[in-house]
1. Provide a single number: the residues in segment 135-179 that are closer than 14 Å to Leu8 by Cβ, within 8 Å of the ligand (Cβ to nearest atom) and either in contact with a His (Cβ under 9 Å, 6 or more places away or on another chain) or open to solvent by less than 30 Å² (accessible area, probe 1.4 Å) (or both).
2. Select the strands (runs of 3 or more DSSP E) contained entirely in segment 1-65, then report the ones holding at least 3 residues which are over 16 Å from the mean Cα position of the chain (by Cα) and surrounded by 12 or more Cβ atoms within 10 Å (Cβ to Cβ).
3. For Pro151, state whether it is under 11 Å from the mean Cα position of the chain (by Cα) and part of a loop (DSSP other than H, G, I, E, B).
4. Could you grab the pairs with beta carbons closer than 8 Å, sequence gap of 6+ or different chains, first residue in segment 106-119 and open to solvent by 10 Å² or more (accessible area, probe 1.4 Å), second one among the β-branched types (Val, Ile, Thr) and near the ligand (Cβ under 8 Å from one of its atoms)?
5. From the residues in segment 114-132 that are under 17 Å from the mean Cα position of the chain (by Cα) and assigned to a loop (DSSP other than H, G, I, E, B), which one is farthest from the ligand (Cβ to nearest atom)?
6. Quick one: Lys146 ticks every box in (1) of a type in the set (D, E, K, R); (2) in contact (Cβ under 8 Å) with a residue 12 or more places away in the chain; (3) part of a helix (DSSP H, G or I) bar one, so which box is it?
7. Could you tell me which numbered condition Leu96 fails, if it satisfies all but one of (1) over 23 Å from Leu168 (Cα atoms); (2) modelled with pLDDT under 95; (3) open to solvent by 40 Å² or more (accessible area, probe 1.4 Å)?
8. List every residue pair whose Cβ atoms sit under 7 Å apart, with the two residues 6 or more apart in sequence or on different chains, where the first one lies in segment 38-51 and is of a type in the set (Lys, Arg) and the second, anywhere, is open to solvent by 60 Å² or more (accessible area, probe 1.4 Å) and more than 13 Å from the ligand (Cβ to nearest atom).
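The values are calculated or read from the model by the stated rules, or taken from the named source; none is laboratory data. Computed from a predicted structure; not experimentally measured. Quick reminder, even Gly has a Cβ in these numbers, built from the backbone with ideal geometry, and neighbours come from all protein chains shown. Surface accessibility is based on the protein's heavy atoms, side chains included, excluding ligands, DNA and RNA. Shrake-Rupley method; radii C 1.70, N 1.55, O 1.52, S 1.80 Å.
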Amino acid sequence: MKPSKNRLQIQDKYFVPYLSEQEMQQRVQELGKQIATDYSDKKPLLLCILNGSFVFAADLVRTMDTVCQVSFLKYSSYVKDKSSEEAKDLLGIKGLNEELKDRHLIVVEDIVDTGTTMNKLLKELDTHHPASIEIATCLFKPDALKFDISPKYVAFSIPNHFVIGYGLDYDNYGRHLSGIYIVDED
Ligand code: 5GP
């Protein structure tokens, strides 16, 4: 095991710094400005996916100098039984106050990995007939993608390894970290 003063232990795993707080802030600011320009006359509705996107969404929207609305969805790509289907709806699409029809939607996600979650969500959103749907994701693992989806706004494309920080967790720990940490397999 390599000694490193920046190496973090969370539960049974070790993580090392991958993207610094400065890199995150700079890139998210660029992305927010790009989105604000692209949507300057569209009053977009940002749908932020909990829990992981809360840090990214908070930083992103504060760099967007344009009229927009922000709402939150808790969305799961799998449903075990009927009772969990009902629980999903508490913070799901049906729980939104905003009408989705004819709106320009931006789904704000922490990470697109296999794309399972996003693929299912996009299909469901589409049934509400929005004017447009785009994805803004903090991280994207192109090598892990299994569905035909292409996020338009990506802060960073990363290799297919497990990461935490900046809202992303391991066993619900590590969300508070200001930068991204990558699992250290050594
Ligand atoms: P997907 O459906 O694209 O395979 O995965 C989506 C969800 O899996 C993400 O929203 C995130 O919660 C979780 N996930 C995927 N990859 C990672 C990762 O590297 N780190 C963490 N912390 N969560 C991940």
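1. Keep residues of segment 135-179 that are closer than 14 Å to Leu8 by Cβ, which gives 162-166, 168-171, 173-179.
Of the ones still in play, those that are also within 8 Å of the ligand (Cβ to nearest atom) are 162-164, 168-170, 174.
From the residues that got through so far, the ones that are either in contact with a His (Cβ under 9 Å, 6 or more places away or on another chain) or open to solvent by less than 30 Å² (accessible area, probe 1.4 Å) (or both) too are 163-164, 168, 174.
Of the residues in that region, 4 qualify.
2. Values: elements: 8-10, 13-19, 45-50.
Output list reads 13-19.
3. Details: under 11 Å from the mean Cα position of the chain (by Cα): yes; part of a loop (DSSP other than H, G, I, E, B): yes.
For Pro151, the condition - under 11 Å from the mean Cα position of the chain (by Cα) and part of a loop (DSSP other than H, G, I, E, B) - is met.
4. Going by the 8 Å Cβ cut-off, the qualifying pairs are Glu109/Ile49; Glu109/Thr117; Asp110/Ile49; Ile111/Val163; Thr117/Ile49.
5. Gly115
6. All conditions are met except number (3).
7. Only one criterion is unmet by Leu96, namely (3).
8. Lys43/Val67
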